[in-house]
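To start, the structure itself, in structure tokens.
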Amino acid sequence: MTEKIMCYTCETERAVELKERKETVTIKGKEVEFTAVSYRCTVCGDDFETPEQMDANLEAAREAYALRYETFSPDELVALRSSYNASQKAFGLLLGFGELTMNSYEKGSIPTSTNRLLIKLASDPYCFRKMYDVNKSRIGETQRKRIETSTGFQETKHWERMDAVYHTLTADERRSVERRTTG
């Protein structure tokens with residue numbers, strides 16, 4: 001596809017072609033490969049990226065990193081879900097997914113970036129408990145009982161008490177506690 005935009009080398013509007021290339025970058029000390037886009041001027045032959053393409057290439061690199069290094073494997077997903085004694089359907093509904101989404105992820109489909117974040121949050125029992133409290137009406141009584149008696153869910157019980165204590169503290173007392181725990 002050819003369109004006209006400003007060529008930075010020719011310093012005038014020129015016909016350009018959209019190009020895709022494989023690029024490897026290092027993020028957090030790890031190499032990732034992604035498909036980058038740029039334009040090639042049909043007059044001078046130079047390749048260049050517009051600011052929008054730079055942003056899109058950066059996002060593509062970040063997404064490639066997340067897919068390679070931050071995605072749960074199917075076995076990890078099964079283990080996480082099992083720690084809460086939840087069926088695929090119930091776990092997915094609690095996280096706000098469709099009924100069959102966990103099944104596809106456990107068979108190797110790659111979660112979207114939003115769903116990866118929700119799964120990561122669910123790996124923290126306290127966050128899972130909050131998701132559960134918001135969405136438990138979406139699952140049946142049998143699943144609720146199974147989840148509420150699971151080891152993963154039981155870990156949240158001590159946080160309930162800590163949360164209650166935290167909310168009785170003044171702002172100064174909270175800051176003092178936070179300084180001591182992070183110091």
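Calculate for the chain the 222 nm mean residue ellipticity that helices alone would give, adding -39,500 (n - 2.57) per DSSP H run of length 4 or more and normalising by residue count, nearest 500 deg cm²/dmol.
The helix contribution divided over the chain gives -16000 deg cm²/dmol.
Against the 2.2 N^0.38 Å scaling, with N counting residues, where does segment 23-113 land? I'd like the Cα-based Rg ratio to two decimal places.
Relative to the rule-of-thumb radius for its length, segment 23-113 sits at 1.53.
If we count every other residue with Cβ under 13 angstrom of Glu106's Cβ, Lys/Arg +1 and Asp/Glu -1, where does the sum land?
+1
What are the equivalent ellipsoid semi-axes of segment 2-69, built from the alpha-carbon gyration tensor (square roots of five times its eigenvalues), in whole angstrom, biggest first?
Semi-axes from the Cα gyration tensor: 28, 10, 9 Å.
Only four residue types carry charge here, +1 at the Cβ of Lys and Arg and -1 at the Cβ of Asp and Glu. Report the dipole size of the chain about the Cα centre in Debye, rounded to the nearest 20.
1060
What are the residues whose amide H is under 5 Å from the amide H of Arg14, where those residues sit 5 or more places off or on another chain and H is modelled from the backbone?
Ile5, Met6, Cys7
Along the charge dipole of the chain, pointing to its positive end and built from +1/-1 on Cβ of Lys, Arg, Asp and Glu, which listed residue (Ile119, Met54, Tyr8) has its Cα farthest out?
Toward the positive end, the furthest listed residue is Ile119.
Give the distance, in whole Å, between the Cα centre of segment 4-51 and the Cα centre of segment 101-159.
42
From the phi angles alone, apply the Karplus equation (6.51, -1.76, 1.60; θ = phi - 60°) to segment 34-50 and give each ³J(HN,Hα) in whole Hz, x where the residue is Gly or Pro.
Going residue by residue, I get 8, 9, 9, 10, 7, 10, 10, 6, 6, 9, 8, x, 6, 9, 7, 10, 7 Hz, with x marking Gly and Pro.
Compute the angle between helix 171-182 and the longest alpha-carbon principal axis of the chain, please, reported from 0 to 90 degrees and rounded to the nearest 10.
Roughly 70 degrees, rounded to the nearest 10.
Tell me, what is the FRET efficiency for Lys120 and Thr35 to the nearest 0.05, using R0 = 22 angstrom and their Cβ-Cβ distance as r?
Using R0 = 22 Å, I get an efficiency of 0.30.
Which value, in debye to the nearest 20, gives the size of the charge dipole of segment 2-69 about its Cα centre, when Lys and Arg are +1 and Asp and Glu are -1 at the Cβ?
Charge dipole of segment 2-69: 300 debye, to the nearest 20.
Lysine pairs in the chain with alpha-carbon atoms under 21 Å apart, 8 or more places apart or on different chains: how many are there?
For the chain, the number of qualifying lysine pairs is 18.
Provide the gained length on full extension for the span Lys19 to Arg144, in nm with one decimal, where the gain is 0.36 nm per separating residue minus the Cα-Cα distance.
The Lys19-Arg144 span can extend by a further 39.8 nm.
Would you be so kind as to identify which of Ile110, Leu94, Phe72 lies farthest towards the positive end of the dipole of the chain, taking Lys and Arg as +1 and Asp and Glu as -1 on Cβ and the Cα centre as origin?
Of the candidates, Leu94 comes out farthest on the positive side.
Based on the alpha-carbon gyration tensor of the chain and its eigenvalue square roots a ≥ b ≥ c, which shape applies: rounded if a/c is under 1.5, prolate if not and a/b is larger than b/c, or oblate?
It is prolate, given that a/c is not under 1.5 and a/b is the larger ratio.
Multiplying the sequence separation of Ile110 and Ser82 by 0.36 nm and subtracting their Cα-Cα distance, what value in nm do you get?
Using 0.36 nm per residue and subtracting the Cα-Cα distance, I get 8.1 nm.
Each reported figure results from applying straightforward, stated rules to the coordinates on display, with no laboratory input. Predicted, not measured: the structure shown is a model, and the values here were computed from it. Reconstructed Cβ throughout: ideal geometry from the backbone, glycine too, with neighbour counts over all protein chains shown.
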